[in-house]
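One structure below.
The values are calculated or read from the model by the stated rules, or taken from the named source; none is laboratory data. This structure is a prediction, so every number in the text was calculated from the model and none was measured. Cβ atoms come from the backbone with ideal geometry, glycine included; neighbour counts cover every protein chain shown.
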């Protein structure tokens, strides 16, 4: 998932609905509610697998526009009953926050954001957590900064000099995003938050701590996601040291966590380590699980294709299957540009070596 992009977008959009448009309802929990709704899809999946572990390997919400749309409608109805909003704008913002999850979680969007930020194409593994977080802080943090500054600049009692500085900081933050370097956007974002905080300080109240309440479920979700990727990263590190048995144990620990995140990656990496150990039947099963979890043609299918050309003289040498998987990625309109480029490169490489007719 977009590690923090959802939360930043939800927090930023919470500032688009002033209290008067909410009839002064949800006054002390509104930002927390919007952040929670930004992760509503992940929370739904996580709570479902906690109750029913058999759902772990079934993608039933994240990539389903129908179910995400249903969650958006449900959230509008629920908070409409609680808040009794008389104007449409709060409902539009609530729906927008929930629906944004679908867009931000698309693999091609996540990769595109990281490639835009770092100015390079990532390999089959895609961007790591640290790289994704840096890119999301820069891109998705910007709307939050602009919302804070613009709202502060219209604050009653704001001096002309403070208003001018807020608007100058908006321009500087746009330039900082374009530069895509933490040395540029980091200081500008910090200065912007500090300036907006000073202008909006009269709105700060101890009762805002109630915003923590809607966020409590996110702690459980965040911990399980962190634990899963921590185990996967440990396994990858061990695999680079040729300690494949230890790496497989890490991947198994990652799969044992009741978390939907990273399971396809864990199976794919486990398949590579099992293959290195010569356990080809188990490796094929792991590769097939990673392809099934991916749901759409992409990295999992393109990488697993190599398994069927590396084992001449065994029942697992099936070049026709390797070609079928690579061509499936190339024909798919849902595969990202870099996924198709990787599949094309592998197909040409195998043909030059005479492994695929």
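Flag set for residue 345, criterion: farther than 15 Å from residue 108 by Cβ, under 30 Å from the mean Cα position of the chain (by Cα) and surrounded by 12 or more Cβ atoms within 10 Å (Cβ to Cβ). Looking across the range 259-284, not a single residue is surrounded by fewer than 17 Cβ atoms within 10 Å (Cβ to Cβ) and within 29 Å of residue 105 (Cβ to Cβ).
Quick check: anything in the range 325-333 buried (at least 22 other Cβ atoms within 10 Å of the Cβ), under 23 Å from residue 111 (Cβ atoms) and touching a residue at least 60 places away in the same chain (Cβ under 8 Å)? No; the residues of the range 325-333 include none that is buried (at least 22 other Cβ atoms within 10 Å of the Cβ), under 23 Å from residue 111 (Cβ atoms) and touching a residue at least 60 places away in the same chain (Cβ under 8 Å). Return a yes/no flag: does the range 285-295 have any residue that is farther than 20 Å from residue 107 by Cα, surrounded by 16 or more Cβ atoms within 10 Å (Cβ to Cβ) and modelled with pLDDT of 90 or more. The answer is yes; a qualifying residue exists. Among the candidates 151, 156, the residue that is within 17 Å of residue 18 (Cβ to Cβ) and surrounded by 14 or more Cβ atoms within 10 Å (Cβ to Cβ) is uniquely 151.
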